[in-house]
Structures are given as structure tokens and as C-alpha cells.
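Nothing in this text is a laboratory measurement; each read-out follows from the coordinates by a stated rule. Values in this document were obtained by computation on a predicted structure and should not be read as measured data. As a convention, Cβ positions derive from the backbone with ideal geometry for all residues, glycine included, and neighbour counts pool all protein chains shown.
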Amino acid sequence: MNRGAVVAVVSVLGCLALALPTGTGAEGKDRTGRRPPPDQERRAALEEALRRTLADTVAAAPHFPGMLLRVDTPRYGLSWGAAAGLADRATGRPLTPDDEARVASVTKTFTAATVLRLVEQGHIALDTPIARYLPAAYTTLLAGGGYRPDRITVRHLLRHTGGLADYADTDAFDAAVRAAPSHHWTRLEQVRFALAHGRPVAPPGAVYHYADTGYILLGEIIERVSGLPLAAAYRSLLRFGPLGLVHTYLETLEPEPPARPPRAHQYYAGLDLERVDASFDLYGGGGLVSTMADLGRFYRALLRGQVFARPGTLRAMLTIPATNADDADDARRGDGYGMGIYRLTAANAACWGHDGAWETFAFHCPALDLTIAASDNQGDVDIDERAFLARIIQLVRDGDGGRSLP
């Protein structure tokens, strides 16, 4: 749901389970007793360093269940995934590297990319007011809440500069979900909730204010303009098949993939979110379920220009307006929110990605050709996301031996 430094890393006290690939032994030899080539040795050392980092991070938060981590850097010949801790507290099932998880606001990058594909096709104009694309039920509701859907544009929604109140980041919504976890929310109901529990934040374009409200409106626009259900629009316009996204799907709104991997349970303030109807975070601001490998594939393809038909579309997505840096330090670094994606500088590397409230994040760092995706399953305690990324980046740089990574 809410974007911020929301990477919590997790374990269970006294029960640390690591599901990891094997490599060379402590003496640097493989199982045959032969010493591997230098590149293989270097890669094995990097994998071991990544294992230790995952284990140390999880062990530092012993009241959390577990964590998934995926690191890919073809330049170094590394495609590595691991898991630590538990997938399910009740049964004690350990996490495995291939487990799927709800990715929450990471979905926003998919939503924004789908809107931009419709822009490429001439079906949406970024600077057209949303009143042109939304049905009357929404525009009437927004106008009654003090908004101007005739002035809020698609670009404003993509950049969180529409001045909309966020229904998801309120105590009232949290209480409503807890009081009736099996309640099935509709998109219109959530917009109505935003209006009942918040007022317009600012005129359109004036300030950055992160709001799931805007992204569920974008979900409605996608469906209206494309004529497709949101799940089908993601799948066709973003070309899930060619990208190899075989374990990514919009929960409850399309059939689950065949032979899907096990699901990691995710927790928030003691609540197992598997017991909560998926509709509470579903309609474009969140809702996708994926694996870390799939998330890495998508962000790598997106940042390599393999999702859009025109290079200018990606440039527009990555353009950060002056309003959208979180603070002066972000502005100095060039960091901030573009369209459904944000730039974060870690260890002097510019990385692009998104995070989500259920503690899932994915970033691609183009200059390093490095993709990092992670998910822990405790959604209410944060650690320093920038520092975590910086640690992984530095390990990869050290493992490269200074040969090719800037």
C-alpha cells in the first residue's frame, strides 16, 4: 500500500531455516575435491556472502517469520535466490526461494506501465482530465468530495500529485479490515471510503501525496479504455508470456497459474493476511501475487526498454517532477517518484523500483545490470531499505573484483 522505507526482514526466534543452493566448500573446493576456476570461486564466495547477509538480517529481527531474497546480475553470471525462516507460523513450514507472495504496492509499477502502453496505442492522453475516462459514478463521487475530476489528469494520478486523500493509510481503514476480514471490498467502495475519511490534500499538481486512491482509479481507467478486466490488461499489454512471468497473477480476479508454488503467509500486527479477503488491496494499487524471480524479470525488462514500444515512454515514466522528492537529500541525489516507480540511490548506484506494505520490494540498478527482489512476511516493522540495497550492491561489487562493475 504505502510507499516508504518499508523493508522489514524477518525470522522466528530460535528457528532459523535457510533454503539455499549449495556451492563450494569451506576450502574452496567442489565435491570432487578439485579447485574450481577463478570465476566460479568468485561467484561461490559472493553467494556465501549473500547467504550470510540474509541470515544476519533475519537473525537481527527474531520476532519475524522469514524472508525471500533474489539477486540477478548476468554481467557476473549470477542468478541466485534464497529463503530464511518460516512461510507459515502455524504449521512451521519453512520458506523456500520459489515461494509466492502478495506484492502489494509493487503492483503500482505494473499499473503505471499498463496505462503507458495504452498511451502508446493512442487510447489515453496523459494530460487529459480523468473525467474523460471514468464513469459518472466515480466523477460524481469525486466532485461531491471536493475534487475536480475535470482538472485532475492521468499524469497526476500516475505521479501521486492529484491531491487525493489515501483511504489505505488511515486508522479507519485498518480498523474496518480488522473488524470484518472476510468483507469483499469493491473499488467504488474504497473511493467512497477515501472521501469519507479525508479531504483534498492540495490542488492538482501542487504536491506529492502518495495515495492508493489514485491507483485504483487508474485500474478503473485501464478497464474502461482497454475493454479488458484488469488482470487481462496486465497480461496482454505487458506481455507476461514473452517476459516469462509464469507465476504472476492478480489474486481472485483471474485463475491461479497451474503448478503454482507455495504461498508465503504474510502478517501485519499479529494478523495473518491469508485470513483477509484479497479485495482490501486489489484493484490497481495492489493485488498481484508473484515470486521474487518473476519480479526481477519484470523490472529488468522494464528498465532495459523491453516493455514499451518507444524509448520515450520509459523516459517519461522515469521523469521525476520537482514535487516528488521526499526531502532535500533525495532531491540532491536525484531520487524521487516518477510514474509508478521511484529512484533510490544506494552505494552511489541509481536503482529504480517499488516497495509494498507487505514488505516486498524489487529494484533494478541499470549501471550495474543488477536486479534485487525481496519479500519478508511481517508488514508492520521497517528497516533501512537504502542500507539493505547498499549492502547487496557492495557485495556484488566486491565479488566482481573491480573488473566491470562501476
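Structure data summary
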| read-out | value |
| --- | --- |
| Tensor-based shape of segment 169-227 (alpha-carbon gyration tensor, a/c under 1.5 rounded, otherwise prolate or oblate) | oblate |
| Computed helical MRE - 222 nm, the chain, DSSP H runs ≥ 4 contributing -39500 (n - 2.57), nearest 500 | -10500 deg cm²/dmol |
| Whole-number percent relative contact order across the chain, with pairs defined as alpha carbons under 8 Å at least 6 apart | 25 percent |
| Summed side-chain charge close to Glu189 - residues other than Glu189 whose Cβ falls under 14 Å, Lys, Arg +1, Asp, Glu -1 | -2 |
| Net charge contributed by nearby residues that have their C-beta within less than 14 Å of Ala301 (K/R +1, D/E -1) | +2 |
| Segment 285-298 - phi-based ³J(HN,Hα) in whole Hz, Karplus 6.51/-1.76/1.60, Gly and Pro as x | x, x, x, 6, 10, 7, 9, 5, 5, 5, 4, x, 4, 5 |
| Most fluctuating residue given options Asp39, Asp294, Asp98, as computed from a GNM of the chain linking Cα atoms under 10 Å | Asp39 |
| Relative contact order (%) - segment 199-259, alpha-carbon pairs under 8 angstrom, separation at least six | 17 percent |
| Cβ-defined net charge surrounding Arg333, 13 Å radius [Lys, Arg +1; Asp, Glu -1] | -2 |
| Centroid-to-centroid separation of segment 256-330 and segment 73-101 [C-alpha atoms, Å] | 18 Å |
| Asp56-Ala387 pseudo-label distance in nm [points 7 Å out on the Cα-to-Cβ vector] | 1.2 nm |
| Amide hydrogen neighbours beyond the local backbone of Tyr267, cut-off 5 Å, H modeled | Leu273, Gln378, Gly379 |
| Label assignment, Cα extents along the principal axes in Å derived from the structure, set (i) 76, 58, 43; (ii) 73, 46, 42; (iii) 58, 56, 45 | (ii) |
| Rel. contact order, % - alpha carbon contacts under 8 angstrom, at least six apart, segment 108-238 | 35 percent |
